[in-house]
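The values are calculated or read from the model by the stated rules, or taken from the named source; none is laboratory data. Quick caveat: nothing in here was measured; it's all calculated off a predicted structure. Neighbour counts are summed over all protein chains in view; Cβ atoms, including those assigned to glycine, are modelled from backbone coordinates with ideal geometry. With ligands, DNA and RNA removed, areas are computed over all heavy atoms of the protein, side chains included. Shrake-Rupley method; radii C 1.70, N 1.55, O 1.52, S 1.80 Å.
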Amino acid sequence: MSKLVPIPFIIAGPCSVESPEQIMAAAEGISKAGVTMLRGGLWKPRTHPGCFEGVGETGARWLRDAGRATGMKTITEVANARHVEVILKYGIDAVWIGARTTGNPFLVQEIADALKGTGLPVFVKNPLVPDPELWLGAVERLSGCGCGLVCAVHRGFHSYGESIYRNSPFWQIPVELHRRMPEIPVLCDPSHIGGRRDLVRSLSQQAMALGFDGLMIEVHPDPDKALSDAAQQITPAELAQLLSSLKMRGNSAPGAEAAAALDSLRSDIDRIDSSLIDLLAERMKISEAIGEVKEKSGLTVLQTGRWNSVLAKVRALAQEKDLDESFITEVFNLIHRASMERQINK
Ligand code: PEP
Ligand code: MN
């Protein structure tokens with residue numbers, strides 16, 4: 001595999017390989033949906049000991065045989081050099097590096113060394129923390145090791161606070177990875193982002209709309225009975241329906257009419273961006289002047305009452321203009337932070 005084909009590249013299969021019958025039933029259902037690669041975890045990273053931790057080496061043969069019987073390539077997770085040895089022994093076709101491993105440069109290097117010269121494709125999941133550098137670093141380590149094609153997989157990020165997602169998507173991070181390494185294909189794993197089967201379809205569609213190169217989706221012949229990640233797995237029939245309903249977009253040059261419309265709209269955006277910068281610069285000058293007054297009169301830089309009233313005002317304005325309140329809050333938090341830093345450091 002020197003290039004990712006076809007696009008979208010679909011990897012599907014259970015969270016864990018559980019038995020020869022389970023992986024074969026999954027493979028038979030999935031292959032009918034036009035999937036290219038069959039996934040199944042052999043070693044499962046679990047938060048608590050005592051949970052199902054995967055069938056280990058025993059399952060490698062089951063996975064390989066299910067893939068071969070249904071004409072699909074196979075892929076599993078490796079977290080150390082011994083796992084790589086096992087998958088090479090059984091002829092598994094590709095590996096992924098899990099989120100918990102990507103954040104550990106020692107392990108990534110150990111895996112890169114074990115894969116040296118094997119030509120095996122590697123799919124690198126994002127680390128748990130939303131730090132593009134850790135993800136980029138792991139991709140760099142593997143790209144330089146003489147394995148096969150290296151791809152990235154966006155599976156969402158750990159975050160505090162309420163969220164409908166198991167792992168928040170923070171789409172700007174895979175977007176940044178793609179900007180920095182445009183030659184690396186990026187897939188989306190909607191199952192681990194959503195954590196719930198009813199979110200998988202819309203997340204898959206969002207990824208396709210953004211231009212991701214493929215999807216990794218957890219599929220189990222009997223999801224409710226799955227030994228790991230039961231809530232997020234879908235059936236092969238649901239996968240087939242999901243894939244046939246996806247609206248695809250291309251990245252080729254648009255027609256003349258669309259190109260002209262885009263040019264004109266983009267020049268409007270450029271004009272507005274430049275006004276935004278002018279306004280921010282003007283705001284910052286005023287903020288500096290306020291800083292001087294505060295300093296002279298012995299007032300603290302942070303004036304919580306004033307900050308609360310600024311926030312309330314911009315949120316009300318945002319509502320009037322139909323702008324997302326949390327977006328505007330985030331923008332003004334950044335502006336306020338920069339403003340305070342300017343006043344502290346003068
Ligand atoms: C998985 O794919 O089953 C898995 C454990 O993934 P992640 O490393 O993204 O949690
Ligand atoms: Mn899983």
Query raised in the report: So what are the ³J(HN,Hα) numbers for segment 222-228, from phi and the Karplus equation (6.51, -1.76, 1.60; θ = phi - 60°), rounded to whole Hz, Gly and Pro as x?
Result: 9, x, 5, 9, 4, 7, 8
Requested in this report: Starting from the Cα coordinates of segment 118-257, work out the convex hull volume and express it per residue in Å³.
Outcome: 149
Query raised in the report: What trypsin sites (Lys or Arg not before Pro) does segment 266-335 have in DSSP loop regions with at most 12 other beta carbons within 10 Å?
Result: 321
Query raised in the report: With axes computed from alpha carbons, what is the tilt in degrees of helix 236-245 against the longest principal axis of the chain, rounded to the nearest 10 within 0 to 90?
Result: 50
Requested in this report: With a 1.4 Å probe and every protein chain left in place, work out the accessible area per residue of the chain in Å², rounded to a whole number.
Outcome: 53
Query raised in the report: Which angle from 0 to 90°, rounded to the nearest 10, does the C-alpha axis of helix 256-296 make with the longest principal axis of the chain?
Result: 50
Query raised in the report: Under the rule of -39500 (n - 2.57) per DSSP H run of 4 or more residues, summed and divided by the residues of the chain, what mean residue ellipticity at 222 nm is obtained, to the nearest 500 deg cm²/dmol?
Result: -16000 deg cm²/dmol
Query raised in the report: Stokes-Einstein D for segment 30-93 at 20 °C, 1.002 mPa s, Kirkwood Rh over Cα pairs, in µm²/s?
Result: 173
Report task. Determine the dipole magnitude for the chain: charges of +1 sit on the beta-carbon of Lys and Arg, -1 on that of Asp and Glu, nothing else is charged, the reference point is the Cα centre, and the result goes in debye to the nearest 20. Result -> 280
Query raised in the report: Let a ≥ b ≥ c be the square roots of the eigenvalues of the Cα gyration tensor of segment 1-125; is it rounded (a/c under 1.5), or, if not, prolate (a/b larger than b/c) or oblate?
Result: oblate
**Report entry** Over segment 43-195, equivalent-ellipsoid semi-axes from the Cα gyration tensor in Å
**Finding:** 24, 19, 15
Report task. Would you please classify the overall shape of segment 225-346 from the alpha carbon gyration tensor, given that a ≥ b ≥ c denote the square roots of the eigenvalues, rounded means a/c under 1.5, and beyond that prolate means a/b larger than b/c while oblate covers the rest? Result -> oblate
Query - Hydrodynamic radius of the chain per Kirkwood, over alpha carbon pairs, in Å - result: 22.7
Report task. Measure nothing but the geometry: give the 0 to 90° angle between the long axis through the Cα atoms of 200-210 and the longest principal axis through the Cα atoms of the chain, rounded to 10°. Result -> 60
Query raised in the report: For the charge dipole of the chain, defined by +1 on Lys and Arg C-beta atoms and -1 on Asp and Glu C-beta atoms about the Cα centroid, which residue among 318, 223, 55 has the Cα displaced farthest towards the positive pole?
Result: 55
Report task. List the residues whose amide H sits under 5 Å from the amide H of residue 128, counting only those 5 or more places along or on another chain, with H placed 1.01 Å from N in the peptide plane. Result -> 103
Query raised in the report: Got the relative contact order for the chain handy, in percent, Cα pairs under 8 Å and 6 or more residues apart?
Result: 14
Report task. Just tell me the longest site-free run in the chain, where the sites are chymotrypsin sites (Phe, Trp or Tyr not before Pro) in a DSSP loop having at most 16 other beta-carbon atoms within 10 Å. Result -> 172-346
Query raised in the report: How big is the antiparallel share of DSSP beta bridges in the chain, given as a percent to the nearest 5?
Result: 5
Query raised in the report: So for segment 227-281, Kirkwood radius off the Cα pairs, Stokes-Einstein at 25 °C and 0.890 mPa s: how many µm² s⁻¹?
Result: 154
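DSSP loop (so not H, G, I, E, B), at most 12 other Cβ within 10 Å: list which GluC sites (Glu not before Pro) in segment 90-192 pass both filters.
Here the GluC sites (Glu not before Pro) that fit, given the DSSP loop and packing criteria, are 162, 183.
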Requested in this report: Measure off, as a whole percent, the carbon and sulfur share of the 1.4 Å-probe accessible area of the chain, all protein chains present.
Outcome: 55
Query raised in the report: Which Rg and Dmax, in Å, describe the Cα atoms of segment 92-140?
Result: 10.4, 31
Query raised in the report: Once the dipole of segment 1-114 is set up with Lys and Arg at +1 and Asp and Glu at -1 on Cβ about the Cα centre, which of 66, 103, 12 lies farthest towards its positive end?
Result: 12
Query raised in the report: Taking a threshold of 23 Å on the Cα-Cα distance, which of the pairs 44/73; 32/247; 225/247; 44/247 fall above it?
Result: 225/247; 44/247
Report summary line: Check: C-alpha center segment 31-82 vs C-alpha center segment 183-237, spacing in Å is 16
Requested in this report: Compute the length gained on full extension between residue 202 and residue 270: take 0.36 nm times their separation in residues and subtract their Cα-Cα distance, giving the result in nm to one decimal.
Outcome: 21.4 nm
Query - For segment 1-64, the fraction of alpha-carbon pairs in successive 5 Å shells from zero, as % - result: 4, 18, 24, 19, 17, 12, 5, 2
